[in-house]
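Trainee: I'd like to ask some things about the structure below.
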Amino acid sequence: MTIEHDDDLRGLAAAGRAVAEARDAMLAAVAPGVTPLDLDALGARVLAAHGARSAPRLAYGFPGVTCISVNDVIAHGVPDARPLREGDVVNVDVSAEVDGYYADTGASVAVGAVPARVSELLRATRRAQAHGMDAARAGRPLRGVAHAIERSVRGTGFRLVRNLGGHGIGRSIHEDPFVGNVVDRRDRTVLHEGLVITIEPFLTLGRPHAVEDRDGWALRTPDRALGAQHEHTLVIRNGAPLVLTA
């Protein structure tokens, strides 16, 4: 969506606060022995306190309130009862609706100690997301976001998942445009002031695409390699974007 009046911005900000608080509470609770179902229940309580409703449940009938993806599940993981273990990588992705407005955010963290290469994967993912946001300015080409993300990842040895990316958002959970993380030179979209989008790079240690799991929801790396994601919802402006889920 494109913001048309102050009420739009207030509504989006309320949704952004709800998902950001749920994300942060869930990430803080990640520890060995905690289950994704535990984290999902915590996220559900935070969202309910804001009067927010789960976007994936509303839009798609998703089994959980939030998406919790572990290790080689890189997106849309269904919360389950398997306890987290030392060395796991966990992604929490929270999207919700408040009074007709939607926001979406996510982040990946390690459970306890992990090898240095995994820690660098997490840092590189956050760094790529920040570089993508820095490039998101009114009047600039949308593909400039992907260019900034690709440049950030170049030389790290990590690979961007090519078939996942960000999206427009606001009045529904997924809107146009698709915000790719890999440059598509055919895309002539120009960012404009007030446009609401998510930017969310997905990095992996393995092959650069995701495949659907047998459960019909989860997206996995095809070679069981670890993956990570970082996501914010933001409003495009002439200067730096307004991040609604910081």
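Trainee: Would you please name the residue that is farthest from HIS131 (Cα to Cα), looking only at residues in the range 163-193 that are crowded, with 16+ Cβ neighbours inside 10 Å and more than 18 Å from the chain's Cα centre (by Cα)?
Mentor: My answer is LEU191.
Trainee: OK, next. Scan the strands (runs of 3 or more DSSP E) fully inside the range 143-246 and keep the ones with 2 or more residues being aliphatic (A, V, I, L, M) and modelled with pLDDT of 95 or more.
Mentor: Working: elements: 166-168, 175-179, 196-199, 202-204, 227-235.
Answer list for the range 143-246: 196-199, 227-235.
Trainee: Could you grab the pairs with beta carbons closer than 8 Å, sequence gap of 6+ or different chains, first residue in the range 194-221 and of a type in the set (Lys, Arg), second one open to solvent by less than 30 Å² (accessible area, probe 1.4 Å)?
Mentor: Here the result reads ARG207/THR221; ARG207/ALA225; ARG220/ASP72; ARG220/VAL73; ARG220/ILE74; ARG220/ALA210, each pair linking the range 194-221 to a residue that is open to solvent by less than 30 Å² (accessible area, probe 1.4 Å).
Trainee: Any idea how many residues of the range 80-92 are farther than 16 Å from MET26 by Cα and open to solvent by less than 70 Å² (accessible area, probe 1.4 Å)?
Mentor: Adding up the residues that qualify gives 1.
Trainee: Among the residues in the range 67-83, are any polar (S, T, N, Q), within 29 Å of ARG207 (Cβ to Cβ) and either in contact with a strand residue (DSSP E or B) (Cβ under 6 Å, 6 or more places away or on another chain) or not in a helix (DSSP H, G or I) (or both)?
Mentor: Narrowing the range 67-83 to residues polar (S, T, N, Q): 69, 71.
Next, from what is left, pick out any that are within 29 Å of ARG207 (Cβ to Cβ): 69, 71.
Going one step further and asking which of them are either in contact with a strand residue (DSSP E or B) (Cβ under 6 Å, 6 or more places away or on another chain) or not in a helix (DSSP H, G or I) (or both), we end up with 69, 71.
Yes: the range 67-83 contains one or more residues that are polar (S, T, N, Q), within 29 Å of ARG207 (Cβ to Cβ) and either in contact with a strand residue (DSSP E or B) (Cβ under 6 Å, 6 or more places away or on another chain) or not in a helix (DSSP H, G or I) (or both).
Trainee: Additional query: Among the residues of the range 43-79, what is the count of those that are of a type outside the set (Phe, Trp, Tyr), over 16 Å from the mean Cα position of the chain (by Cα) and open to solvent by 40 Å² or more (accessible area, probe 1.4 Å)?
Mentor: The total comes to 11.
The values are calculated or read from the model by the stated rules, or taken from the named source; none is laboratory data. As the structure is a prediction and not an experimental result, all values here were calculated from the model. FYI the Cβ positions are ideal-geometry reconstructions off the backbone, even for glycines, and counts take in every protein chain you see. SASA here: full protein model, heavy atoms, side chains in, ligands and nucleic acids out. Shrake-Rupley method; radii C 1.70, N 1.55, O 1.52, S 1.80 Å.
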